[in-house]
1. According to a simple spin-label model (label point 7 Å from Cα along Cα-to-Cβ), what is the distance in nm between Ala97 and Asp395?
2. Pairs to check: Lys252/Lys313; Lys364/Lys390; Lys364/Lys501; Lys466/Lys501. Give those whose C-alpha atoms are more than 18 Å from each other in this structure.
3. Would you mind checking the pairs Lys447/Lys481; Lys461/Lys493; Lys267/Lys481 and listing those with alpha carbons more than 31 angstrom apart?
4. Roll a 1.4 Å probe over the protein chains and send me the accessible area per residue for segment 369-519 in Å².
5. Determine the share of segment 314-463's accessible area contributed by carbon and sulfur atoms, expressed in whole percent, with a 1.4 angstrom probe.
6. Please go through segment 283-381 and write out the trypsin sites (Lys or Arg not before Pro) that DSSP classes as loop and that have at most 15 other C-beta atoms within 10 Å.
7. Within segment 134-154, which residues have the backbone N less than 20 Å from the label spot 7 Å out from Phe168 along Cα→beta-carbon, could you tell me?
8. Considering amide H positions built from the backbone, and no H for Pro or chain starts, which residues 5 or more places from Thr517, or on another chain, come under 5 Å of its amide H?
Amino acid sequence: MASMAALGAFRSPATSSSNASFVSRSRLSTAPRTLSFSASSLSGDHVVSRTITGSRQKERTPLIVSPKAVSDSKNSQTCLEPDVSRSVLGIILGGGAGTRLYPLTKKRAKPAVPLGGNYRLIDIPVSNCLNSNVSKIYVLTQFNSASLNRHISRAYASNMGGYKNEGFVEVLAAQQSPENPNWFQGTADAVRQYLWLFEEHNVLEFLVLAGDHLYRMNYESFIQAHRETAADITVAALPMDEKRAASFGLMKIDDEGRIIEFAEKPKGDQLKALQVDTTILGLDDERAKEMPYIASMGIYVVSKNAMLDLLSKKFPGANDFGSEVIPGATSIGMRVQAYLYDGYWEDIGTIEAFYNANLGITKKPVPDFRYFYDRSSPIYTQPRYLPPSKMLNADVTDSVVGEGCVIKNCRIHHSVVGLRSCISEGAIIEDTLLMGADYYETEADRKFLAAKGSVPIGIGKNSHIKRAIIDKNARIGDDVKIINNDNVQEAAKETDGYFIKSGIVTIVKDALIPSGTVI
């Protein structure tokens, strides 16, 4: 049996960065100086965890001198044994039907929606996992999973495994079985239905993630905080203002970062009752006044045994983590900890949020989400081997342009241009997200389309598009105006190839907008 180094839980000084660690000051002044360690070893191929205090081995969870809800920070140091790649299983929840993102989810699962010119939403949590050394990853989905399957197989299937490195990224679609004839009923139910598979993995923790969030997090620090506090569940949390607080699960914590109250999307008096002094999380007085709530990000580290117990025995009928399992675990006295994340994070659940997150990439001088350009923790995606984009006498300002585009004598401002986009002469693109195309049309294809009066993929001559999302493979004719002059906020014109939500015009995938159309 090969022994591995013990992991100690000890006092850690608070950092001085804006993403400051939370350390209980009262515990620092009163706690005894007894150290405890969570030791791990390998027995054959099995991870074995035990608790040692002083020289005696104990069955109970260790006494932690200074539990902390640390924040994600580049300066944070991790020392995890056993290694995360062997001891943690990543579970990415693909979400429901994505009705709020419709029509972008008409032909694809929510995690497969294109992002930032070259990527898809699923690339964010998968890349965070890979950059955090979490290499065993399942993606759970049940709606329109064909394009998600294709993207994951092309992006990650060929370079994850290897000798003594059994890494993988696999899609698990909802399925019926003799024991359970139903589809996924919620986040917790999705995990429960595949618990038989997850249980086979010899790991210590499950890392439960959402497939529709835009952020960068070091999960190793997250997992270390979970182990140091001997938690059953650790919930990633962020400070939140009152305007958005009612849309999230909110929590109260004690001075050790332990969650003592949890409510999913509270309203009225219940919302007011969940206000906390967020200076205990390291926020300064001004920001604490602006953000008096602590919101769940829907991201959890759950100890394997705790997950099995919660979903199989304690709450066998619970369908959702946020509204049922987490509050239930808190109410029965399980150790549920908070982990502060105080960086950029966006839940891309609506058309407006998706639009703003994409256009935020063009912001000067620093984008809202700047990690596409961080080569120390890159965002991975499918290699497509496309040529460089070609711009011929074009005026492009404050924009992001993906691979393989052909842009001719047009003006583009404050926009994101997706891969393989073709934009013709005289076009004006403003405040717009172009998703691009899945393939190029040949010259013969374009001549054939012109002969029968149809429109090629791309943006036609002298067309003007403003504050819009153009989904993939859309065919926009010449002299088209998509500018929403009447400021319509909501409209469903699917037969005409478009929707309007929150004032943003969305052209449906594969739609044809004839020349001269005004929207």
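1. It is 4.5 nm.
2. Lys252/Lys313; Lys364/Lys390; Lys364/Lys501
3. Lys267/Lys481
4. Accessible area per residue: 47 Å².
5. Carbon plus sulfur share of accessible area: 51 percent.
6. Here the sparse-neighbourhood loop sites are Lys363, Arg370, Arg375.
7. 134-142, 145-154
8. Hits under the 5 Å cutoff: Lys481.
The values are calculated or read from the model by the stated rules, or taken from the named source; none is laboratory data. Just so it is clear, the model here is predicted, and its values are computed rather than measured. Virtual Cβ from ideal backbone geometry, glycine too; neighbours counted across all protein chains shown. To get the accessible areas, we keep the full protein, side chains included, count just its heavy atoms, and leave off ligands, DNA and RNA. Shrake-Rupley method; radii C 1.70, N 1.55, O 1.52, S 1.80 Å.
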